[in-house]
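Enquirer: Dropping a structure here in structure tokens format, bear with me for questions.
The values are calculated or read from the model by the stated rules, or taken from the named source; none is laboratory data. Just so it is clear, the model here is predicted, and its values are computed rather than measured. Don't worry about glycine lacking a Cβ; one is built from the backbone with ideal geometry, like all the others, and counts go over all protein chains shown. What goes into the accessible areas is simple: the full protein's heavy atoms, side chains included, and nothing from ligands, DNA or RNA. Shrake-Rupley method; radii C 1.70, N 1.55, O 1.52, S 1.80 Å.
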Amino acid sequence: QVQLVESGGGLVQAGGSLRLSCAASGRTFSVSAMGWFRQASGKEREFVAAITWSSGSTFYADFVKGRFTIARDNSKNMVYLQMSSLKPEDTAVYYCAAARGALLLTSSDYNYWGLGTQVTVSS
């Protein structure tokens, strides 16, 4: 089992920045990559970004590319999502997820999930 705990969510003004953190624990040796997803009220959960543990290769959804940055700290089993130039449409619950395989772009590719952290961007 792998446990994931998100932190760093909150209220921010449009154009502002926020950094989300995800702490992984448990049988983390089985995890090949970490990802961030978000789910806005009334919408489907969508892929935001992912990063592989070994190489640090990153992947981003088109709608956040250039604004969000995913990073990892292998020694601490931590993953971060640095969000800048935030827009009201970024408002959502953001979830940290861990994958054991090589496919990283859909929710079904991930084996473990955190409980989520709310990000609200005011206009």
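Enquirer: Filter the stretch 95-123 down to the residues that are in contact (Cβ under 8 Å) with a residue 24 or more places away in the chain and among the polar types (S, T, N, Q), then identify the one that is farthest from GLY16 (Cα to Cα).
Expert: Ranking the candidates gives ASN111 first.
Enquirer: Taking the stated definitions as given, is ARG19 open to solvent by 40 Å² or more (accessible area, probe 1.4 Å), touching a helix residue (DSSP H, G or I) at 6+ places or on another chain (Cβ under 7 Å) and either within 17 Å of ASN74 (Cα to Cα) or touching a residue at least 12 places away in the same chain (Cβ under 8 Å) (or both)?
Expert: For ARG19, the condition - open to solvent by 40 Å² or more (accessible area, probe 1.4 Å), touching a helix residue (DSSP H, G or I) at 6+ places or on another chain (Cβ under 7 Å) and either within 17 Å of ASN74 (Cα to Cα) or touching a residue at least 12 places away in the same chain (Cβ under 8 Å) (or both) - is not met.
Enquirer: SER57 versus (1) free of Cβ contacts under 8 Å to residues at least 24 places away in the same chain; (2) touching a helix residue (DSSP H, G or I) at 6+ places or on another chain (Cβ under 8 Å): which is the lone unmet condition?
Expert: For SER57, the failing item is (2).
Enquirer: Evaluate the stretch 89-99: report whether one residue or more is open to solvent by 20 Å² or more (accessible area, probe 1.4 Å), touching a Phe, Trp or Tyr at 6+ places or on another chain (Cβ under 8 Å) and outside any helix (DSSP H, G or I).
Expert: yes
Enquirer: Take the residues in the stretch 49-70 that are assigned to a strand (DSSP E or B), open to solvent by 40 Å² or more (accessible area, probe 1.4 Å) and farther than 13 Å from ALA33 by Cβ; name whichever of them is modelled with the lowest pLDDT.
Expert: Among residues in the stretch 49-70 that are assigned to a strand (DSSP E or B), open to solvent by 40 Å² or more (accessible area, probe 1.4 Å) and farther than 13 Å from ALA33 by Cβ, the one modelled with the lowest pLDDT is LYS65.
Enquirer: Sticking with this structure for a sec: Tally the residues that are surrounded by fewer than 18 Cβ atoms within 10 Å (Cβ to Cβ) and not in a strand (DSSP E or B), restricting the search to the stretch 71-80.
Expert: 3
Enquirer: Return the residues of the stretch 89-119 that are farther than 17 Å from GLU44 by Cα, in contact with a Ser or Thr (Cβ under 7 Å, 6 or more places away or on another chain) and either modelled with pLDDT of 95 or more or among the β-branched types (Val, Ile, Thr) (or both); say none if nothing qualifies.
Expert: Result: ALA99, ARG100.
Enquirer: Specify which of the listed residues (MET34, MET83) is open to solvent by less than 30 Å² (accessible area, probe 1.4 Å), in contact (Cβ under 8 Å) with a residue 60 or more places away in the chain and farther than 16 Å from VAL5 by Cα.
Expert: Of the residues listed, the single one that is open to solvent by less than 30 Å² (accessible area, probe 1.4 Å), in contact (Cβ under 8 Å) with a residue 60 or more places away in the chain and farther than 16 Å from VAL5 by Cα is MET83.
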